[in-house]
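Reading through the structure tokens given below for one structure.
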Amino acid sequence: MPNSKLICAVDDEEVFHWIVRGNLKRAKKPCKLMSFYDGEEIFKYLSNGSNSRPDIILLDINMPICDGWKFLENYSLLKKSYTKDINIYVVTSSIDPKDQQRAELSPFVKEFVSKPITVDFLDGIID
Amino acid sequence: MNELDSNGSVTTMKDQDQRLRKALSVAKMSLLELDITNETSNWSSHPSNHFYELSSKTNGSLNEYVDLVHPMDRNDVIVLIKSAKPGQKFHNQHRVLWPDGSYHWVESSGMTFNDDGILKMTGTVQDITEKKELEIEREDWKIRHELVAKAAGIIVYDYDIKTGDIIWSGNVSEVLGFTPKEMGNIDRWVELIHPEDRERAFRELEEAQKSLNAYEVYYRFLKSNSKYCDIYDRGTFLEREGEAYRMLGMMSDVTEWKKSQEALSESENRFRLLINNLNVGVGLYDLTMVPIVHNAAAYKLLGISEKQFVGKAAIDPDWNVVDMEGNRMRPENYPIPQAIDTKKSIRQTVMGVFRPKMNDRVWLMVDADPVLDDDGKILHVICTYSDFTARKRVEEILAEKNEQLMITSDLVGRKNERLLEFAQIVSHNLRSPLSSIAALVDLYEKCTLEEKDEAISFIREVAGKALNTIDDLNEVLKVQQSEHMDLQVIRFEDALNEVKTLLKPNLKEKNAMIVSDFKEAVKIRYPNIYLESIFLNLVSNSIKYIDPGKTPKISIKSKRADGDIIFEFKDNGKGIDLQKNGNDIFKFGKTFHSKNDSKGVGLYLIKNQIRTMGDEIEVKSKPDRGTTFRIKFRNQHAK
């Protein structure tokens, strides 16, 4: 599937990845999914130039070792030319307006989304 | 003298003449015959006569005598002589130059007659100098007296007791509207006195007259306009052989004075009444702080008697004065010395004064106001005291209530803060599993059979997690609800042993080693369950977060520092990167090691417990270098 998009899901909860995978199977367009369990893992992945660049990152906030906020800080260290086509969606169980505000203040965050995520949402962002 | 007149000769009756001479000499009198026709004078010639020297000087010449007459009287004398006609009586007073150089008043009287064609004036001449001078002086006094009486607006009376006549002078008409004549005698005086005062005035007059004491009395007296005025009457008696015969005195109209006096005393009475019935103490102090006047309330408030107070220093060491905050007040900071010092009003100083007599403390609100003269010099200090005790008590109650309120509000604030935190935890940590369940259920319907099993097992897992979270939150709630935990005296050793028993399987599994030193602080006063929770969570973390292949080593130590106990817990676990996670380490649901059964509750829980007790916990850690927790248990004084 040469044209299919690459989605990186970053969440410490295994169930989240399972749900995303399950929903993607039912999405209109086929996608590749990679799972990361904290901010450090995904950052390491992105830092390695030989890895394929994701089109979409689904980023949880509350994670051990390196949480979503920390990741976003580190993310700014990456080259702009590399990050400019990556859409980051903050996907969290939080409905705290403060979290939403903070996420929307980040120049890299496309949208703040409260869990649970649905097929419709995924269809929307893949398109 | 008749004999002299009828016989025309004095030499015929020798004896009689001798006696006459003597009498004339004593009476400073001389017989005199002036021969106007021959211009000669003929005096009694005996040397003992009062006029002997004078007559010798004139050498019997009429003209020479006339020359000696006082220039002012001389003309009268010349006219008298020149106009003398036979059968006419003459009478004259004039001054004549006495041989000693002074002028004497002389009075001459007699008759002129024709003696064989010669005109003669025959009669007596008498030296009346003393009498005349007295008369002049009396006239002078009378004039002066009248002037004074008029000027003073007083009435002067001269009462002849025997006849009852009164001579009125002075300001009679101005004061009473009567002429002196209309004033009349003593009966009239009595009649004009107000009927109610009459008897008293008259009785006192009789008594004064009898005792010869001064008469001094006030009475109302009728004026010509039928109105009464107030009279002050003062008189003295002249006595002869112990009996008053004359009374001299003055009456003055004191109506206005009496009115103002009455008004003054009434206003003074009212003022006294007001001051003494004030509930506020008022005092007047001199510059040495000695009280001059005080009202009753002042003594009462200060708990002393008037005798103890007035005239003595205003500062009694027994008062043991304290200020609003209960600190001892230095005498120089009292309001009166300050008012004297600054010349300004010192307002609303609150003083707690100990009353030795009553053995209590009264709170006074004191104002001190300096009284300055026109030059700004301080004369007195007026000081007012009001009883502040009731207000002070109210204030104390208020302060107490306020403090309670502050504590309550602080408590409420803290509770509120935790409630908010709790609500966040609930919304976050419960929302997470629930949203997963919702998504899983949604997927379930579209799943293959194989996937369905997987979905169910996820649902089970997530639901279990949610339940655990609720249980954890319940633990947290328990801590927060028990604000007033019972304190127990616990040996650290005992608490540690309890935990060792609880975690026995885990400790054994990992071969964990625990070294403890509680020698310095053996015991602590703390809620038992909190201390156990602290031990349990810290020890179980140390075992849980240990690198594989490593043996957990824990060392625990208790120390004393300024009444606090410092509790140190050290392990050799994975450690936490505090630079990354410093803010989150004690937060609920924060985990720092991936793929573990960590829930992020333990540290949150003990932090809450420690905070509830007003104590502090801090942490030092580096990845792979272990973790050190330091807890400061406050107010743990060794007994």
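Counting only residues that are charged (D, E, K, R), assigned to a helix (DSSP H, G or I) and modelled with pLDDT of 85 or more, the stretch B:306-363 holds 1 of them. Could you please let me know if B:Arg414 is within 14 Å of chain A (Cβ to nearest Cβ), over 49 Å from the mean Cα position of the chain (by Cα) and either buried (at least 19 other Cβ atoms within 10 Å of the Cβ) or basic (Lys, Arg) (or both)? No. Please state which of the following conditions A:Tyr82 fails to meet, knowing it meets all the rest: (1) within 13 Å of chain B (Cβ to nearest Cβ); (2) at pLDDT below 90. A:Tyr82 satisfies all of (1) within 13 Å of chain B (Cβ to nearest Cβ); (2) at pLDDT below 90 except (1). Counting only residues that are away from every other protein chain (no Cβ under 14 Å) and surrounded by fewer than 22 Cβ atoms within 10 Å (Cβ to Cβ), the stretch A:1-27 holds 6 of them. The set of residues from the stretch B:615-638 being in a loop (DSSP other than H, G, I, E, B), modelled with pLDDT of 80 or more and not polar (S, T, N, Q) comprises B:Asp615, B:Lys622, B:Pro623, B:Asp624, B:Arg625, B:Gly626, B:Arg634. Using the structure shown, decide if B:Val321 is touching a Ser or Thr at 6+ places or on another chain (Cβ under 8 Å) and surrounded by 15 or more Cβ atoms within 10 Å (Cβ to Cβ). No; evaluated as a whole, the condition is false for this residue.
Elements of the type helices (runs of 4 or more DSSP H) sitting completely within the stretch B:149-210 and holding at least 3 residues that are at pLDDT 90 or above: these cover B:186-192. Close contacts from the stretch B:330-359, counting a first residue that is in contact (Cβ under 8 Å) with a residue 40 or more places away in the chain and a second that is assigned to a loop (DSSP other than H, G, I, E, B) and of a type in the set (Asp, Glu), with Cβ to Cβ under 7 Å and a gap of 6+ residues or different chains, come to B:Val350/B:Asp323. Candidates B:Ser109, B:Ser55: the one that is at pLDDT below 90 and out of contact with any Cys (no Cβ under 8 Å at 6 or more places or on another chain) is B:Ser55. A residue that is part of a helix (DSSP H, G or I), of a type outside the set (Val, Ile, Thr) and modelled with pLDDT under 85 occurs somewhere in the stretch B:374-391. All conditions in (1) free of Cβ contacts under 8 Å to residues at least 60 places away in the same chain; (2) more than 30 Å from B:Gly326 (Cα to Cα); (3) more than 14 Å from chain A (Cβ to nearest Cβ); (4) surrounded by 13 or more Cβ atoms within 10 Å (Cβ to Cβ) hold for B:Leu467, with the sole exception of (4). Residues in the stretch A:107-119 that are more than 11 Å from every other protein chain (Cβ to nearest Cβ), more than 16 Å from A:Pro54 (Cα to Cα) and surrounded by fewer than 17 Cβ atoms within 10 Å (Cβ to Cβ): A:Pro107, A:Glu111. Checking the stated criteria, B:Pro86 turns out not to satisfy the condition of being in a loop (DSSP other than H, G, I, E, B), in contact with a Lys or Arg (Cβ under 8 Å, 6 or more places away or on another chain) and either crowded, with 16+ Cβ neighbours inside 10 Å or not assigned by TED's automatic domain parsing to the domain that holds B:Met251 (or both). Kindly indicate whether B:Arg188 is basic (Lys, Arg), within 19 Å of B:Ile161 (Cβ to Cβ) and in the same structural domain as B:Val172 (by TED's automatic domain parsing). The answer is yes for B:Arg188. For B:Lys300, the stated conditions do not hold, so it cannot be described as part of a loop (DSSP other than H, G, I, E, B), more than 30 Å from B:Asn171 (Cβ to Cβ) and modelled with pLDDT under 85.
Taking the listed residues B:Ile546, B:Ile566, the one that is in contact with a helix residue (DSSP H, G or I) (Cβ under 8 Å, 6 or more places away or on another chain) and in contact (Cβ under 8 Å) with a residue 24 or more places away in the chain is B:Ile546, with no other qualifying. With respect to the conditions (1) assigned to a helix (DSSP H, G or I); (2) modelled with pLDDT of 85 or more; (3) more than 14 Å from chain A (Cβ to nearest Cβ); (4) buried (at least 17 other Cβ atoms within 10 Å of the Cβ), B:Ile490 falls short on a single one, namely (1). The residues of the stretch B:21-45 that are of a type in the set (D, E, K, R), modelled with pLDDT of 85 or more and in contact with a strand residue (DSSP E or B) (Cβ under 6 Å, 6 or more places away or on another chain), listed by number, are B:Glu33, B:Asp35. Applying the condition of being part of a helix (DSSP H, G or I) and more than 9 Å from chain A (Cβ to nearest Cβ) to the stretch B:445-458 and asking which residue is farthest from B:Leu603 (Cα to Cα) yields B:Leu449. Restricting attention to the stretch A:85-95, the residues that are crowded, with 16+ Cβ neighbours inside 10 Å and within 11 Å of chain B (Cβ to nearest Cβ) add up to 4. Taking the stated definitions as given, is B:Ile425 in a helix (DSSP H, G or I), under 27 Å from B:Thr612 (Cβ atoms) and touching a helix residue (DSSP H, G or I) at 6+ places or on another chain (Cβ under 7 Å)? Criteria met by B:Ile425. Kindly check whether there is at least one residue in the stretch B:266-281 that is part of a strand (DSSP E or B) and either more than 30 Å from B:Ser224 (Cα to Cα) or without any contact (Cβ under 8 Å) to a residue 12 or more places away in the chain (or both). Among the residues of the stretch B:266-281, at least one is part of a strand (DSSP E or B) and either more than 30 Å from B:Ser224 (Cα to Cα) or without any contact (Cβ under 8 Å) to a residue 12 or more places away in the chain (or both), which makes the answer yes.
In this entry, A:Tyr45 passes the filter for residues that are more than 13 Å from chain B (Cβ to nearest Cβ) and either crowded, with 16+ Cβ neighbours inside 10 Å or of a type outside the set (D, E, K, R) (or both).
The residue list B:Ser436, B:Ser432, B:Ser427 contains one member that is facing chain A (nearest Cβ under 9 Å), modelled with pLDDT under 80, surrounded by 14 or more Cβ atoms within 10 Å (Cβ to Cβ) and more than 60 Å from the chain's Cα centre (by Cα), which is B:Ser427. Among the residues of the stretch B:91-106, is any under 15 Å from B:His70 (Cβ atoms) and of a type in the set (Lys, Arg)? Yes, the stretch B:91-106 has at least one match.
The values are calculated or read from the model by the stated rules, or taken from the named source; none is laboratory data. Note that the coordinates shown come from a computational prediction; the quantities given were computed from them, not determined experimentally. Positions of Cβ are backbone-derived with ideal geometry, glycine not excepted, and every protein chain shown enters the neighbour counts.
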